[in-house]
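Inspection log for the structure reproduced underneath, given as C-alpha cells.
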C-alpha cells in the first residue's frame, strides 16, 4: 500500500553511543543503567570484586546474583558504585 510508512531504523541516543568502548561493547554509564538478567556485574565479597551474573532484578537496582567463582549466590544485593562490602557494581573499565 502506498499509505504505509517504511519502518524507521532505531538509532542510539548520544548517551548510548558514548557508552560504547572501542570494541563496540557497551560499558556502564555512571548512575544510568538498570541491571538486566544475565548481565555481568561485580559482587564485593571478602574485599574482592567477584565476577558475577544478574539472576533476578528488583526495584532500586537490588538484584540476586550468582558469582562465577566460588559458587556464591546472594539475594537482595544492593548497588553501590563505590564497591562497599556486600554490594554489587558494574565492572571497572
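Filtering the range 64-82 to residues that are surrounded by 15 or more Cβ atoms within 10 Å (Cβ to Cβ) and over 10 Å from residue 43 (Cβ atoms) leaves 64, 79. With respect to the conditions (1) at pLDDT 95 or above; (2) out of contact with any helix residue (DSSP H, G or I) (no Cβ under 9 Å at 6 or more places or on another chain), residue 21 lacks only one, and its number is (1). Among the residues making up the range 58-83, those that are closer than 23 Å to residue 93 by Cα and either in contact (Cβ under 8 Å) with a residue 60 or more places away in the chain or assigned to a strand (DSSP E or B) (or both) are 63, 64, 65, 66, 67, 77, 79.
If I ask for residues that are free of Cβ contacts under 8 Å to residues at least 40 places away in the same chain and either over 13 Å from the mean Cα position of the chain (by Cα) or part of a strand (DSSP E or B) (or both), which ones from the range 38-57 would you list?
Hits for the range 38-57 are 46, 47, 48, 50, 52, 53, 54, 55, 56, 57.
The values are calculated or read from the model by the stated rules, or taken from the named source; none is laboratory data. Bear in mind that the values here come from a model prediction, so they are computed numbers and not experimental data. When we count neighbours, we look across all protein chains shown, and the Cβ atoms used for this are built from the backbone with ideal geometry, even at glycine.
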